[in-house]
Amino acid sequence: MIEVTAAIIEKDDKFLIARRGKGKHLAGYWEFPGGKIEADETAEACLYRELNEEFQINVSVNNFVGESVYEYPNKKIILKAFTCKIISGEIQLTDHDKIEWITIDEIKQYNLAPADMPLIALYDKARNNR
């Protein structure tokens, strides 16, 4: 099983989703940004690294939201989600071709990657428990 992180980057009452670029696995799907956890790396360290590489931003990793296990035809992943806030940098796209800041109610308008879908309910529950 491949361990992967997902950042639910919050700003005001919205969060960021990013669309996977052409030529990428799941191109055209929207997702929470993140990436594969490397050997001897924590999930939090992975998010710092991936968000800096993919968006040129630095974040604070805040609360663990939950995880989603999903089996694609050629691999099985466990996706670990955390809320994050941008602390420095301006978003620049390298792996994705578009981003959107949306509310929880707007998520149904986007074609979300299958592994990310269960995270919406977990995030909504965590948000309501704050």
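Numbers at a glance
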read-out: Long-range HN-HN contacts of Gly34 with modeled amide H, under 5 Å; value: Ala7
read-out: Inter-probe distance in nm under a simple model that places probes 7 Å from Cα toward Cβ, at Lys11 and His25; value: 2.8 nm
read-out: Residue-normalised accessible area of the stretch 1-79, given per residue in Å² at a 1.4 Å probe; value: 52 Å²
read-out: Accessible area of the chain belonging to carbon and sulfur atoms, whole % at 1.4 Å probe; value: 45 percent
read-out: Simple label model, 7 Å out from Cα along Cβ direction - Asn129 to Met1, nm; value: 2.0 nm
read-out: Highest to lowest packing among 40-47, 3-10, scored as the average C-beta count within 10 Å; value: 3-10, 40-47
read-out: Convex hull per residue volume in Å³, alpha carbons only, for the stretch 1-121; value: 104 Å³
read-out: Reciprocal mean inverse distance between Cα atoms of the stretch 46-90 - Kirkwood radius, Å; value: 11.8 Å
read-out: Reachable aspartates and glutamates from Lys24, criterion Cα separation under 17 angstrom, eight or more residues apart if same chain; value: Glu50, Glu53, Glu54, Asp95, Asp97, Asp116
read-out: Rounded D (µm²/s) - the stretch 70-130, Kirkwood Rh over Cα pairs, Stokes-Einstein at 37 °C, 0.692 mPa s; value: 232 µm²/s
read-out: Bridge type composition, the stretch 1-98 - antiparallel percent by DSSP, nearest 5; value: 70 percent
read-out: Cβ-based charge dipole, the chain, positive-most Cα from Tyr123, Phe55, Ile86; value: Tyr123
read-out: Under 5 Å, built H, 5+ apart or other chain: amide partners of Asn63; value: Thr83
read-out: GNM top mover of Tyr72, Tyr29, Tyr48 - the chain, alpha-carbon springs below 10 Å; value: Tyr72
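The values are calculated or read from the model by the stated rules, or taken from the named source; none is laboratory data. Here the structure is a predicted model, which is why all the values come from computation and not from measurement. Cβ: placed from backbone, ideal geometry, glycine included. Neighbour counts: every protein chain shown. What goes into the accessible areas is simple: the full protein's heavy atoms, side chains included, and nothing from ligands, DNA or RNA. Shrake-Rupley method; radii C 1.70, N 1.55, O 1.52, S 1.80 Å.
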